[in-house]
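Since every read-out is calculated from the coordinates, none of them should be taken as a lab result. Computed from a predicted structure; not experimentally measured. Here Cβ is always computed from backbone atoms with ideal geometry, including for glycine, and neighbour counts include all displayed protein chains.
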């Protein structure tokens, strides 16, 4: 507890030095945005008063002010004297102590969690009016309560007041402007990208379609673009297809990259047919290209990581949180694809399928917002359209309505962007798919548009009418480019 005194000493002013006050405020912000707490009540009381003072005046209180406030509390007055005798810490020394104490805090809490797990497994334990007993309950209890141990020592700021904190908005704006910082991850389809400006951390996007109408294929094309074209780290979690199927599909999409293979030594064989890969029917020349593609994906340093994960058991929200936090420690995650929400396992002991699904969607949105200490993560999931919604879309030129979302209540509320894809026989014959927007929380909805498809190689693209590839909008047998690499400033 002596080390906690040094933290408090370093957020209290003992002089009138303005430069020192700036350092003390920096210390306070580092502590206030951390996951550390004070275990002693008298330290909590002192810290709460300091927090209230900073909210009112934007500077930390003086030692004299604290002594006056607590003059009737002999124990705290004595403790303030002990705190004043500690050394003051600044910058990395202060944040280093936060990390050290946070590590000790986590060890203590983990020991408590493991003791409860042992009790549940061996003799049972009452937790929030519920009797837990046996190894299975113990494992579930550990899973639900272990994610917090993966949080960093410091959080991203998640609270504040318009009065007193609004200068931060100005600072954020000019930081973005000077760094040319664009947080959106683009999809590769220009109509979507120019309207939505990419998916941002903390956002939940849904791609809705009827069965076999390209919701998964659309997700895979987005994921490929972000990993290979943008160099980001992508997690693709499949609950419907095997790892091998997903892997082969991504290689097939890679074989259809116009920017890479048009005019190259492989111009005579690209793109590859997924069924030929799946069934071992490639020609000798295609096999050489297939090997080249796999080696390129293995070794090209310009590409990001596109990790495929097929859970061995039913995936719950808690499993997803634990998996993502662990993986983020190994390599920061830019975006997660979930294929798809309805196939996740219900861990909420819901009274009905609808109630369980709505609970999962709500939890997934919170997961997207709170991931990595509040930094957030981008999350995209496929979503099933109901039969009635599909019938209405058939009658309305492929335009869906929000009530086409199966069990739609929470999906409609929690999602930031909802995209739909629509197919019928004519569109399939013409190698086309219609795409539209049902919801865009912060931007306008883009109008329905037609994208081209080459489903034998799992490729979806939006024709670009320019001098380089002007025939691509009319020839259904041509493979177009990915949209040109666009200057991010065009979206700002």
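Remarks
- Mean-position separation - Cα centroids, the range 407-466 and the range 1-40, in angstrom: 51
- Residue 430-residue 103 FRET efficiency (beta carbon distance; Förster radius 60 Å; 0.05 resolution): 0.50
- Cα centroid separation - the range 58-88 against the range 295-327, whole Å: 50
- Principal-axis tilt of helix 74-84 within the chain, Cα atoms, nearest 10 degrees: 70
- Spread of Cα-to-Cα distances over 10 Å intervals beginning at zero, given as percent, for the range 232-339: 13, 39, 30, 16, 3
- Inter-label distance for residue 129 and residue 294, nm, one decimal - labels placed 7 Å from Cα along Cα-to-Cβ: 5.6
- Largest-first ellipsoid semi-axes for the chain, taking √(5λ) over the Cα gyration tensor eigenvalues, angstrom: 50, 27, 22
- Theoretical gain in end-to-end length, residue 455 to residue 78 [0.36 nm per residue, Cα-Cα removed]: 128.2 nm
- Contact order for the chain, expressed relative to its length and based on alpha carbon pairs under 8 Å spaced 6+ residues apart, stands at 16 percent.
- All C-alpha pair distances within the range 1-155, sorted into 5 Å bins from zero, spread as 2, 8, 16, 17, 15, 11, 9, 8, 7, 5, 2, 1, 0 percent across the bins.
- Gained length - residue 20 relative to residue 48, 0.36 nm times residue gap less alpha-carbon distance: 7.9 nm
- Our note on the geometry: Cα centres of the range 92-134 and the range 336-392, 28 Å apart.
- Contact order relative to length of the range 1-155, as percent, for alpha carbon pairs under 8 angstrom and 6 or more apart: 30
- Estimated 222 nm signal from helices in the chain, with DSSP H stretches of n ≥ 4 weighted -39500 (n - 2.57), rounded to 500: -14500 deg cm²/dmol
- For the range 235-289, the pair-distance distribution built from all alpha carbon pairs, in bins 5 Å wide starting at 0, is 4, 19, 26, 21, 15, 9, 5, 0 percent.
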